[in-house]
Amino acid sequence: MADKIQAVRGMHDILPDQINYWQYLESVLNRLLSSYGYLELRLPIVEKTALFKRSIGEVTDIVEKEMYTFDDRNGDSLTLRPEGTAGCLRACLEHGLLHNQQLRLWYHGQMFRHERPQKGRYRQFYQVGVEAYGMAGPDIDIELIALSHRLWQELGVRDVVQLELNTLGTAQERLLYRDKLVTYFDQHRDHLDQDSLDRLERNPLRILDSKNPDLAELISAAPTFSECLQDESMAHFQHLQSGLGDLGIAYVLNPHLVRGLDYYCNTVFEWTTTQLGAQGTICAGGRYDGLVTQLGGRPVPAIGFAMGLERIILLIQEVAAEQMPANVPHVYMIRLGEMGEQFGLQLSERLRSALPELRLILNCGGGSAKSQFKRADKSGAQFALIIGEDEVNKLEFGLKTLRKDQQQQNLSEQAVIDFLKQTI
Ligand code: ATP
Ligand code: MG
């Protein structure tokens with residue numbers, strides 16, 4: 001036999017035994033986002049490489065080490081999207097959606113990053129991204145955070161997540177801060193790892209984002225942004241905090257939260273949890289007013305966030321699995337003999353018409369009563385509905401409880417419908 005070909009490392013199949021978590025999360029998100037007036041858009045998975053280099057920033061982990069980049073058959077450099085903001089903005093500019101407009105958008109889909117795979121970190125993963133354009137904030141900043149907060153409440157994970165908040169001010173204020181940081185880290189050169197020494201030259205703010213535990217102490221003593229903030233940025237940040245206070249949304253200020261992408265300004269935030277080990281950030285975002293001009297458009301204020309769905313699902317499984325709606329069939333229809341098969345087929349379609357919510361599995365491929373009951377049991381169905389020659393002659397069908405006390409009732413077709421209407 002030939003060797004079996006396996007999936008690419010870090011890229012996972014989502015099998016049917018997990019799919020109810022995905023469908024549940026996606027349906028909650030769909031409803032929630034539309035209740036806040038956000039519109040979905042669907043974007044290509046592949047974009048021109050230049051789009052990501054220009055938007056994410058050349059000196060970032062993503063662009064330097066994580067992108068899946070290849071030349072297509074025409075020799076154009078293309079990249080599997082590592083995140084969605086760039087493509088979303090590209091689409092809005094290309095279709096003229098941003099002209100003097102306010103827009104609330106979201107998208108959903110696979111992202112690709114060549115990272116070391118581990119729990120909560122994959123090479124293909126799913127994000128839902130939410131973006132708001134044309135609003136300078138901070139009211140829209142508050143709305144986005146309130147929306148994510150409501151999501152945690154609905155999913156039953158509110159108690160195990162924490163909101164971390166920071167501001168990165170304006171580009172000018174960031175330059176000032178950059179100088180302070182360079183001076184500070186330069187004095188402690190001998191404590192820096194190679195990665196941070198590189199960043200010191202090229203992108204010193206990113207040292208604050210280092211995941212090396214040996215640097216934690218040095219980083220926590222580093223100068224903070226607040227020393228460089230001017231009145232306007234300070235007012236934005238304070239307004240944001242008082243709005244969150246009004247809504248009763250708790251947060252902690254994390255002066256070293258910088259985020260992995262270069263384009264952020266003013267508000268940045270992350271929702272984190274301690275339940276998932278090192279991969280604790282389930283949602284992250286911030287304001288990126290400068291990005292539209294960087295991509296060739298007129299200036300448009302913008303803010304957004306993205307959340308990693310695998311990590312959210314891990315969290316639901318950890319702390320809120322009992323909230324999950326069941327996804328097992330209600331009825332497994334057992335069909336015995338030729339008459340039972342023929343009548344059962346037609347009855348199953350009548351039941352589906354009468355009860356659109358019904359999840360019914362029709363026994364196909366024959367089998368003895370015993371083997372059909374085995375399949376019924378394995379399917380997880382609540383009831384077996386038994387259609388044999390006798391039942392067809394009497395027009396009374398056996399409805400047997402499979403999970404509890406195994407009672408059987410004999411019911412007419414209408415009585416079966418009435419019973420299921422009440423029960424499912
Ligand atoms: P991290 O610090 O964990 O690497 P990040 O700052 O690179 O995250 P973002 O680019 O902000 O992440 O992406 C937003 C969210 O997408 C993250 O908070 C996380 O939930 C999820 N995410 C990012 N990278 C991965 C990955 N490789 N596998 C699974 N989820 C991911
Ligand atoms: Mg990362």
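The values are calculated or read from the model by the stated rules, or taken from the named source; none is laboratory data. No experiment lies behind these values; they were computed from the predicted model shown. FYI the Cβ positions are ideal-geometry reconstructions off the backbone, even for glycines, and counts take in every protein chain you see.
With respect to (1) within 14 Å of ligand 2 (Cβ to nearest atom); (2) under 22 Å from Gln230 (Cα atoms), the lone exception for Gly280 is condition (2).
Can you name the residue in segment 59-97 that is of a type in the set (Ser, Thr, Tyr) and in contact with a helix residue (DSSP H, G or I) (Cβ under 8 Å, 6 or more places away or on another chain) and, of all such residues, is farthest from ligand 2 (Cβ to nearest atom)?
Ser77
Each row is one residue, and each column tells you yes or no for (1) of a type in the set (D, E, K, R); (2) assigned to a loop (DSSP other than H, G, I, E, B); (3) in contact with a strand residue (DSSP E or B) (Cβ under 9 Å, 6 or more places away or on another chain).
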position: Ala216; (1), (2), (3): no, no, no
position: Phe237; (1), (2), (3): no, no, yes
position: Leu257; (1), (2), (3): no, yes, yes
position: Gln279; (1), (2), (3): no, yes, yes
position: Asp289; (1), (2), (3): yes, yes, yes
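Filtering segment 68-82 to residues that are surrounded by fewer than 20 Cβ atoms within 10 Å (Cβ to Cβ) and part of a loop (DSSP other than H, G, I, E, B) leaves Asp72, Arg73, Asn74, Gly75, Asp76.
Evaluated against (1) among the aromatic types (Phe, Trp, Tyr); (2) within 16 Å of ligand 2 (Cβ to nearest atom); (3) farther than 15 Å from Ala284 by Cβ, Phe125 falls short on exactly one condition, (3).
Under the condition of being crowded, with 17+ Cβ neighbours inside 10 Å, farther than 22 Å from Thr274 by Cβ and β-branched (Val, Ile, Thr), the residues counted in segment 304-363 number 3.
Does Trp106 satisfy being in a helix (DSSP H, G or I) and within 16 Å of ligand 1 (Cβ to nearest atom)? I'd like the intermediate steps shown before the answer.
Numbers: in a helix (DSSP H, G or I): no; within 16 Å of ligand 1 (Cβ to nearest atom): yes.
Answer is no for this residue.
The criterion of at least 2 residues that are among the charged types (D, E, K, R) and under 43 Å from the mean Cα position of the chain (by Cα) is met by the following helices (runs of 4 or more DSSP H) wholly inside segment 316-424: 337-354, 369-379, 413-423. Being under 16 Å from Ala354 (Cα atoms) and aliphatic (A, V, I, L, M) holds for only one residue in Ile424, Ile386, and it is Ile424.
Taking segment 57-67 as the range and being part of a loop (DSSP other than H, G, I, E, B) and at pLDDT below 95 as the test, the residues that pass are Gly57, Glu58, Val59, Thr60. Among the residues of segment 257-272, those that are more than 15 Å from Gly84 (Cα to Cα) and either within 16 Å of ligand 2 (Cβ to nearest atom) or in contact with an Asp or Glu (Cβ under 7 Å, 6 or more places away or on another chain) (or both) comprise Leu257, Val258, Arg259, Cys265, Thr267, Val268, Phe269, Glu270, Trp271, Thr272. Considering only residues that are outside any loop (DSSP other than H, G, I, E, B), more than 16 Å from ligand 1 (Cβ to nearest atom) and touching a Lys or Arg at 6+ places or on another chain (Cβ under 8 Å), look in segment 37-51 and name the one that is nearest to Arg298 (Cα to Cα). Looking at the filtered set, the residue picked out is Leu39.
The condition of being of a type in the set (D, E, K, R), under 20 Å from the mean Cα position of the chain (by Cα) and part of a helix (DSSP H, G or I) does not hold for Arg54.
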